[in-house]
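Visitor: Encoded as structure tokens, here's the structure I'll be asking about.
Every number here is computed from the coordinates shown, using simple stated rules; none is lab data. Everything numeric in this text was worked out from a predicted model, so none of it was measured. Positions of Cβ are backbone-derived with ideal geometry, glycine not excepted, and every protein chain shown enters the neighbour counts.
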Amino acid sequence: MIMRGLCARLPDTACLSRALALRWWMRASGIDARMKIGVRKTSGQLESHAWTEVDGHAFGEAKTVLSDFLVVDTY
């Protein structure tokens, strides 16, 4: 609902920028949001991804995709 609308306003931004913006907006609204940064190796290449969570629930992310990432930092 509101989260989808916010993400729709940031359509072509990198995941890090999107996760930071979402975390900032949620924390400014009094929600204890956390940004996670994860890495995975696919076809010999290291990939990274950032997303925002509240109480362990990621916003706008597929759980099947996130389960492949090893969380290396939480902010």
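Visitor: For the pair Ala14/Glu47, report the inter-label distance in nm, with labels modelled 7 Å from Cα in the Cβ direction.
Guide: So the label points at Ala14 and Glu47 sit 1.7 nm apart.
Visitor: Something else now. For each of Thr42, Thr52, count neighbouring Cβ atoms within 10 Å of the residue's Cβ, then give the residues from fewest to most.
Guide: Values: Thr42 8, Thr52 28.
The most exposed by this proxy come first: Thr42, Thr52.
Visitor: Can you give the extra length, in nm with one decimal, that the chain gains between His57 and Leu70 once fully stretched, where that is 0.36 nm per residue apart less the Cα-Cα distance?
Guide: On the way: separation 13, 0.36 × 13 = 4.68 nm, distance 1.59 nm.
Between His57 and Leu70, full extension yields 3.1 nm more.
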